[in-house]
Structure formats: structure tokens, C-alpha cells
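The structure appears below as C-alpha cells.
The values are calculated or read from the model by the stated rules, or taken from the named source; none is laboratory data. Worth saying up front: this structure is predicted, and the values here are computed from it rather than measured. Neighbour counts run over all protein chains shown; Cβ positions are idealised from the backbone, glycine included. Side chains are part of the model used for accessible areas, which takes the heavy atoms of the whole protein and leaves out ligands, DNA and RNA. Shrake-Rupley method; radii C 1.70, N 1.55, O 1.52, S 1.80 Å.
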Amino acid sequence: MKTTQTHTFPAHKAHQLDHKFRRWLQNPFKILAPFVHEGMTVIDYGCGNGFFSMPLSSLTGGSGQVFAIDIQRDMLDKLSLKLSDSGISNVTPVLKVKVALELPVLCDFAIAIYVVHEIDDQNTFFKEMHKHLKPGAKFLIMEPDFIVSKKDFIKTLERAQKAGFKQVEPLNLLFSKAAVLTTGKYP
């Protein structure tokens, strides 16, 4: 039986997050392109070393902004190196500490990919995410099939709903449980 885990993926294994096989299985452009376009402001929560942050940078373009948020300084350091090497300037790494997250603007879209099961207090997480998204904004959540059970994913979606999100649609993505949520109007 699968159970939900609340551990943090270690930064010393970051290379496992960004490789050709994963890009083939979970092509970030194919997953994100239906939701993200030029000029949007986007949150990549649990960005790790930037597997989705880098494509988000491209999709939002020079007039867009990506807030790449992680709780591990080492992951953000790895992302910052990639950004520097690529000359990308529209991604802002943000270290999430135990205090409330503060962003300078409300965002159009957010992702939390393979990370929600690692969060101890999902109720607070969803409230915080709702606070940082514009009314009508969308929020893509993906969780790994091999870690998160269907029952646990349903509980996650229920927590999101209690924070004010509504499910727009489930997504059928390989090896993942996924859903697109929307903020609707603020509760």
C-alpha cells in the first residue's frame, strides 16, 4: 500500500531531477504550454534545480517573471548557476523559510510538481498559495504515482478546496496524479 511521505528530496541528488529520460517522460514544454504564455507571472513551488523553472522562463518570455521557490539553499544555488550559465534573467530564486512567503506581485499561474507530498502542513501551504495567485489563476499539482496513493491525492485536493481552490480538470500524465485547480474568487 502506498503512503504519503513527508521528506525533502536531498540536494545532493539533484542530478536525478534533471536528465534526458525525465524530459522524455515529462516534457516540461508539453505539460506547461497549455497554461503558460508570454508575459505571465508564475510560481514554481519546490523548484529544486530548475527542471520546470527553465522552461517556464522560456514560456513567459522577457516580459514574464518566474518565482522559483525552494526550501533548500543548495537547490537554489544549483538553479542560480544554471540561470547564470544560460543568461536567463526572468527567474527569481526564492528561499522559502518557515515564515510566510512574501512575493511582490500576485501571480497568474503556479505549479507544485512532485512536491506537495513533502509538505508537512498542506493546509497552510494551500492557503499561502491561494494568497499569492490572482483571482481566476490556475495551479497545476502533480504527484508521483509511485509515492502518492489515489486516496492521499484525493485528500490533497480536499485540502486545496478548503483553502479556496476549485478543481478545473484532472490531467492524465504518465506516472503522475495531476489536477489543474483555479482560485476562482477569493474566499
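Data for the structure
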item: Selected residue (only one of S80, S84, S63, S57 is hydroxyl-bearing (S, T, Y) and not in a helix (DSSP H, G or I)); result: S63
item: Residues of segment 102-115 satisfying the condition of being farther than 21 Å from K78 by Cα and either at pLDDT below 90 or not in a strand (DSSP E or B) (or both); result: E102, L103, P104, V105, L106
item: Tally of residues being touching a residue at least 60 places away in the same chain (Cβ under 8 Å) and more than 15 Å from F109 (Cα to Cα) across segment 172-187; result: 4
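Conditions tested, residue by residue: (1) modelled with pLDDT under 95; (2) under 26 Å from D120 (Cβ atoms); (3) open to solvent by less than 30 Å² (accessible area, probe 1.4 Å).
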position: M54; (1), (2), (3): yes, no, no
position: S57; (1), (2), (3): no, no, yes
position: F67; (1), (2), (3): no, yes, yes
position: M75; (1), (2), (3): yes, yes, yes
position: V97; (1), (2), (3): yes, yes, no
